[in-house]
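Below is one structure, written out as structure tokens; comments come after it.
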Amino acid sequence: MTFRQFAYRNVVRNRRIYAAFFLASVFSVMVFFLYSMLMFHPGIGERFITGITLIGMTAADVVLYVFMLFFLFYSMRAFMQARSGEFALLLQIGMERRQLGKLLLLEMLLLGAASTASGIVLGFTFSKYFFMIVRELLQLPALPLYVSWEPFLMTAGAFFSLFLLIGLLSAYIVSNRDISEFRKGIGGEADPFGYSPGRAAAGILLLLSSYGAALLAGRVNVLYLSVLLPPAATLGTYYFFSHSILYLLDLFRDQKSLYWKRARIVSLAETAAKLRDNANMFFIVAIVSTVSFLSVGTLASLATYTAQYRALNPLGLVYESFPGNPDEYEHVTGLMEELDDAGLEYTHVPLSVAREDSSFSGQPINILREGEVNRLAEALGAGPVQLSPGEAIFLPYSTEAAPRLRDADIRTELEESGVEVHVQGVVGGLLLPAYSLGTNSIVVSETDFVKVASAQPDSLLRIHAFDVPDWEETVGIGLSIEQSMMMSEIQQGEALPYYFKNPGLDYSIIRSTFHLLLLTGLLVAMVFLLAAGSFIYFKLYTMLDRDRRQAAVLKRLGMTEREFIKIVNRQLVPQFFLPWGIAMLHSTFAFISLQAIWKEFADISILKEMALVLVGFTIIQLLYFYLIRWRYLAHVKGPT
Amino acid sequence: MPIVSIEDVIKIYEGKVTHRALDRLSFDVEEGEFLAVMGPSGSGKTTLLNLISGIDMPTSGRVMIQGTDPAALRPDDLARFRRKELGFVFQDFNLLRMLTVEENIVLPLTLDRLPVAEMDARVKAITARLGLEDILHKRPDEISGGQEQRVAIARALVHRPSIVLADEPTGNLDSNAAREVLDLLGTINRENRTTFIMVTHDPIAASYCDRVLFIKDGAYYNEIHKDDRRRTFFQRILNILSLLGGNVDDLSSVRLP
Ligand SMILES: Nc1ncnc2c1ncn2[C@@H]1O[C@H](COP(=O)(O)OP(=O)(O)OP(=O)(O)O)[C@@H](O)[C@H]1O
Ligand SMILES: [Mg+2]
């Protein structure tokens with residue numbers, strides 16, 4: 001038997017212990033691969049992979065990679081712990097440490113090759129469905145399956161390097177240990193209640209003060225908080241898992257009347273042992289879950305931006321033609337043709353806008369015509385205005401501005417034409433967004449408008465407003481105009497005599513970007529979730545022998561089935577829900593402060609989306625918990 | 001009425017090869033008796049203890065303890081019965097590794113919801129008798145094999161069971177420590193009329209008992225009763241062991257203290 005055969009057989013024979021580790025790796029490879037498929041998709045790249053999306057997706061890739069590194073490292077350590085008896089034996093019968101290291105490296109590479117290959121195959125199988133879901137989410141016309149070497153190479157390369165790294169690390173660890181250390185079991189011999197009181201207190205204090213500070217956000221300097229809070233909370237979390245929690249359990253242990261009660265003695269000590277053993281892992285899971293909750297929650301709230309966006313952009317298309325624009329007719333008819341070709345219904349309302357200085361404020365002011373404004377109001381479903389000569393009414397530039405203008409009562413003379421108007425009240429509803437007209441507009445009666453217009457017939461501005469009920473479908477309309485605008489911006493030439501805006505197109509880009517980021521966030525969070533769960537399961541699995549014998553002892557001491565399940569619950573629940581609960585708490589407080597900060601920028605409430613995200617993740621976690629508890633109980637009670 | 005009665009018990013392990021671990025075994029144990037069970041390795045001694053405690057069920061035949069058949073009890077009642085009436089010392093893996101010595105000992109009491117003061121008192125009493133006071137707050141990994149075995153004995157006795165089942169309780173002890181433990185078990189046996197069923201390979205340990213039951217290949221082989229002098233009892237045990245085919249040559253030279 002060659003050495004390589006020995007390594008191979010070792011993996012195959014230890015497959016039960018390896019199984020959870022293997023499955024988790026396969027899953028991560030699969031997600032990573034799907035992700036790379038998306039990133040390198042020709043249809044996606046052209047449209048979206050720009051700016052923030054690229055940063056977001058690359059960041060997610062890096063985070064995935066780093067997390068996998070941690071995950072594999074901890075799994076490898078747990079695996080070595082489970083097999084330390086075997087290692088001690090091999091060393092005692094004369095295997096060299098270097099050989100043992102080589103054995104581990106070979107094993108890891110073998111496992112890595114198998115899981116990478118399986119993950120890629122699985123990923124490729126599912127990519128068609130994955131693309132279908134993505135297409136739905138991003139509302140793309142088509143997202144065909146494609147074959148290119150980049151995703152394959154990237155995934156294989158990433159995971160090969162990961163497994164190589166982990167294998168080298170395990171070889172290094174194993175060749176620096178003594179036999180006696182293996183016999184005790186790596187990390188298995190420590191007192192479950194060993195902690196430092198100072199750090200235990202520091203952990204609790206840091207967490208409490210971070211939470212307190214988060215509640216005060218918005219009142220205190222935001223910048224201050226955003227620099228200080230995350231590190232403080234992270235350090236607090238670390239101490240909490242490695243010291244504070246053991247301290248709390250130990251406090252409980254001193255209360256014999258509480259502790260010496262039924263199965264508690266076992267479940268508490270067991271919990272302490274497992275928490276201590278996995279403190280680092282739990283810390284990472286808690287922090288990473290917090291970050292992913294936060295990003296998913298934030299992205300989810302941005303993705304529901306629609307309502308606000310529509311309110312700010314009541315019109316389907318807006319084309320503004322400045323005086324002396326030779327292309328006006330051509331552009332407008334072009335737009336109408338494109339709308340007809342796309343089969344979209346629309347109402348075209350041309351508006352004339354005159355511009356004069358107001359004697360009241362000394363500022364320029366836009367003047368619109370009663371009849372035209374009423375036609376637009378009718379198209380948008382708002383109430384008409386009725387004006388006699390000499391009367392005028394404000395046209396609001398945003399929904400917030402309307403109430404402020406309502407009580408206005410201004411008498412002014414339009415300086416160029418000498419028309420005197422009495423401006424009173426505001427038009428109900430937002431008709432023209434701020435970007436098309438600026439902030440100072442009034443509507444005057446037909447008679448007055450004719451006077452104003454004839455004073456400067458050459459400087460009239462024309463606005464072509466298109467109301468399109470299916471405004472989200474206008475994505476392809478007016479692309480040529482948009483392009484020539486972009487060209488002139490790039491060349492920084494003379495300002496163009498027209499301006500065009502297609503909110504539907506902008507909206508679809510914003511929306512798709514957010515959705516792509518959201519999808520990324522969800523995928524990453526999923527991987528964390530499953531990896532954390534698999535790790536717990538894996539840990540349980542490696543300890544199964546010991547747990548089984550323990551179960552046999554307890555059974556003989558007269559522990560009932562129910563009490564036994566209680567013990568299992570009590571040791572599984574903290575492992576599943578403690579990192580979880582801490583992450584939830586962190587995210588909740590972070591969101592409270594984020595909400596406060598957010599309010600300053602935009603009037604968006606993220607409460608509902610956040611609650612949804614947290615509830616959704618909790619449900620998945622619960623399902624996962626019951627699945628693993630079921631498997632674990634079956635294993636512990638089952639035949640050896 | 002016997003406290004334990006084994007009637008025609010057969011235990012067959014199904015597997016790749018079916019194995020008959022116990023074969024039509026019958027015997028009684030009287031209340032307050034100190035019984036030793038001897039037999040070659042693999043003769044079914046541990047299997048027998050498992051049947052008495054209701055961990056395993058006989059394939060046929062009947063096990064009666066205090067007039068009840070554990071096989072007929074509901075699982076929870078069986079567990080309750082075990083925690084009240086039975087004490088255990090295992091052949092291997094005795095203590096829970098993450099608990100301290102004290103916690104290991106108190107474990108059976110906590111299952112029964114005794115007041116804390118009472119639990120403390122009982123732990124003190126039993127650890128004093130077994131000389132474990134100094135290691136109460138150590139964990140199993142930090143004590144010697146012999147100490148571990150004594151802790152296991154303390155745990156088996158702390159809740160004052162009416163029957164104690166012990167699988168090689170002195171296997172890890174030197175002859176002095178073994179004698180002390182056996183003396184202690186004898187005292188408890190006399191004072192509390194606790195019934196002991198002790199599996200052992202050690203003829204010296206067996207000579208402390210009222211009766212020795214020999215089994216071979218899962219079947220009843222022989223039994224002998226204590227007589228006035230331990231030395232002759234010991235010699236008779238050796239004789240039967242040599243008939244049983246166990247390797248006792250090295251033991252015949254052992255001088256009883
Ligand atoms: N769970 C099991 N499944 C199958 N066979 C078993 C099982 N337990 C024990 N046996 C077999 O039954 C026989 C009796 O086993 P048992 O453990 O009772 O022996 P023992 O008398 O206690 O031996 P020792 O003195 O070595 O402890 C052995 O041959 C063993 O291989
Ligand atoms: Mg045995």
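Out of curiosity, is A:I52 at pLDDT below 80 and over 15 Å from A:K128 (Cα atoms)? For A:I52, the condition - at pLDDT below 80 and over 15 Å from A:K128 (Cα atoms) - is met.
The number of residues in region B:36-68 that are over 23 Å from A:M559 (Cα atoms) and more than 16 Å from ligand 2 (Cβ to nearest atom) comes to 4.
Kindly evaluate B:S162 against the criterion of being open to solvent by 20 Å² or more (accessible area, probe 1.4 Å), within 14 Å of chain A (Cβ to nearest Cβ) and small (G, A, S). Taking the combined requirement at face value, the residue satisfies it.
Go through the residues of region B:69-85 one by one and say whether even a single one is within 16 Å of ligand 2 (Cβ to nearest atom) and surrounded by 18 or more Cβ atoms within 10 Å (Cβ to Cβ). Talk me through it step by step, then tell me what you get.
We begin by selecting, within region B:69-85, every residue within 16 Å of ligand 2 (Cβ to nearest atom); these are none.
The answer is no, given that none of the residues of region B:69-85 is within 16 Å of ligand 2 (Cβ to nearest atom) and surrounded by 18 or more Cβ atoms within 10 Å (Cβ to Cβ).
Go through region B:55-76 residue by residue and tally those that are among the acidic types (D, E) and more than 10 Å from ligand 1 (Cβ to nearest atom). So the count comes out to 2.
So for region A:540-552 (the condition being in contact with a Phe, Trp or Tyr (Cβ under 7 Å, 6 or more places away or on another chain), open to solvent by 10 Å² or more (accessible area, probe 1.4 Å), at pLDDT 75 or above and not β-branched (V, I, T)), does at least one residue qualify?
Yes: one or more hits.
Being out of contact with any Lys or Arg (no Cβ under 7 Å at 6 or more places or on another chain) and farther than 25 Å from A:P323 by Cβ narrows it down to one of A:D458, A:D407, so name that one. Selected residue: A:D407, the only one of A:D458, A:D407 that is out of contact with any Lys or Arg (no Cβ under 7 Å at 6 or more places or on another chain) and farther than 25 Å from A:P323 by Cβ.
Does B:K138 satisfy the condition of being farther than 24 Å from B:V29 by Cβ and either part of a loop (DSSP other than H, G, I, E, B) or within 16 Å of ligand 1 (Cβ to nearest atom) (or both)? Against the criterion (farther than 24 Å from B:V29 by Cβ and either part of a loop (DSSP other than H, G, I, E, B) or within 16 Å of ligand 1 (Cβ to nearest atom) (or both)), B:K138 qualifies. Where helices (runs of 4 or more DSSP H) fall entirely within region A:231-283, those with at least 2 residues that are within 13 Å of another protein chain (Cβ to nearest Cβ) and modelled with pLDDT of 80 or more are at A:245-254, A:264-277.
With respect to B:S175, is the statement that it is small (G, A, S), open to solvent by 40 Å² or more (accessible area, probe 1.4 Å) and in contact with a helix residue (DSSP H, G or I) (Cβ under 8 Å, 6 or more places away or on another chain) true? It is true that B:S175 is small (G, A, S), open to solvent by 40 Å² or more (accessible area, probe 1.4 Å) and in contact with a helix residue (DSSP H, G or I) (Cβ under 8 Å, 6 or more places away or on another chain).
Residue by residue, here is whether (1) within 14 Å of chain A (Cβ to nearest Cβ); (2) over 20 Å from B:R122 (Cβ atoms) holds:
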site: B:P140; (1), (2): yes, yes
site: B:R155; (1), (2): yes, no
site: B:L173; (1), (2): no, yes
site: B:A178; (1), (2): no, yes
site: B:T194; (1), (2): no, no
site: B:M198; (1), (2): no, yes
site: B:G218; (1), (2): no, yes
site: B:Y221; (1), (2): no, yes
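The residue that is nearest to B:F233 (Cα to Cα), counting only those in region B:24-46 that are more than 14 Å from every other protein chain (Cβ to nearest Cβ) and near ligand 1 (Cβ under 8 Å from one of its atoms), is B:G39. Within region B:87-122, the set of residues being more than 7 Å from every other protein chain (Cβ to nearest Cβ), aliphatic (A, V, I, L, M) and in contact (Cβ under 8 Å) with a residue 24 or more places away in the chain comprises B:V89, B:L95, B:V101, B:I105, B:L109. Within this structure, B:T127 passes the test of being in a helix (DSSP H, G or I) and touching an Asp or Glu at 6+ places or on another chain (Cβ under 8 Å).
Restricted to region B:200-215, and to residues there that are within 16 Å of ligand 2 (Cβ to nearest atom) and open to solvent by less than 80 Å² (accessible area, probe 1.4 Å), the residue that is nearest to the other protein chains (Cβ to nearest Cβ) is B:T200.
Taking region B:1-32 as the range and being more than 16 Å from ligand 2 (Cβ to nearest atom), closer than 23 Å to B:Q66 by Cα and either at pLDDT 95 or above or of a type in the set (A, V, I, L, M) (or both) as the test, the residues that pass are B:M1, B:I3, B:V4, B:I6, B:V9, B:I10, B:V29. The combined condition, being open to solvent by less than 30 Å² (accessible area, probe 1.4 Å), without any contact (Cβ under 8 Å) to a residue 40 or more places away in the chain and more than 16 Å from ligand 2 (Cβ to nearest atom), is not fulfilled by B:L130.
Inside region B:14-29, residues that are touching a residue at least 24 places away in the same chain (Cβ under 8 Å) and farther than 17 Å from B:A206 by Cα make up a count of 9.
For every residue, the table says whether it meets (1) crowded, with 20+ Cβ neighbours inside 10 Å; (2) of a type in the set (F, W, Y); (3) away from ligand 1 (no atom under 16 Å from the Cβ).
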site: B:D8; (1), (2), (3): no, no, yes
site: B:H19; (1), (2), (3): no, no, no
site: B:S53; (1), (2), (3): yes, no, no
site: B:F88; (1), (2), (3): yes, yes, no
site: B:R97; (1), (2), (3): no, no, yes
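All of (1) modelled with pLDDT under 90; (2) of a type in the set (S, T, Y); (3) within 16 Å of ligand 1 (Cβ to nearest atom) hold for B:T200 with one exception: (1). Restricting attention to region A:239-272 and to residues that are surrounded by 21 or more Cβ atoms within 10 Å (Cβ to Cβ) and of a type in the set (A, V, I, L, M), the residue that is nearest to the chain's Cα centre (by Cα) turns out to be A:I245.
Do we find that B:N189 is more than 12 Å from the chain's Cα centre (by Cα), more than 11 Å from chain A (Cβ to nearest Cβ) and open to solvent by 40 Å² or more (accessible area, probe 1.4 Å) in this structure? Working first, answer last.
Numbers: more than 12 Å from the chain's Cα centre (by Cα): yes; more than 11 Å from chain A (Cβ to nearest Cβ): yes; open to solvent by 40 Å² or more (accessible area, probe 1.4 Å): no.
No: the conditions fail for B:N189.
The values are calculated or read from the model by the stated rules, or taken from the named source; none is laboratory data. Keep in mind the model is a prediction, meaning the values are calculated, not measured. Note that each Cβ is placed from the backbone with ideal geometry, even for glycine, and that neighbours are counted across all protein chains shown. Ligands, DNA and RNA are excluded from the accessible area calculation, which covers all protein heavy atoms including side chains. Shrake-Rupley method; radii C 1.70, N 1.55, O 1.52, S 1.80 Å.
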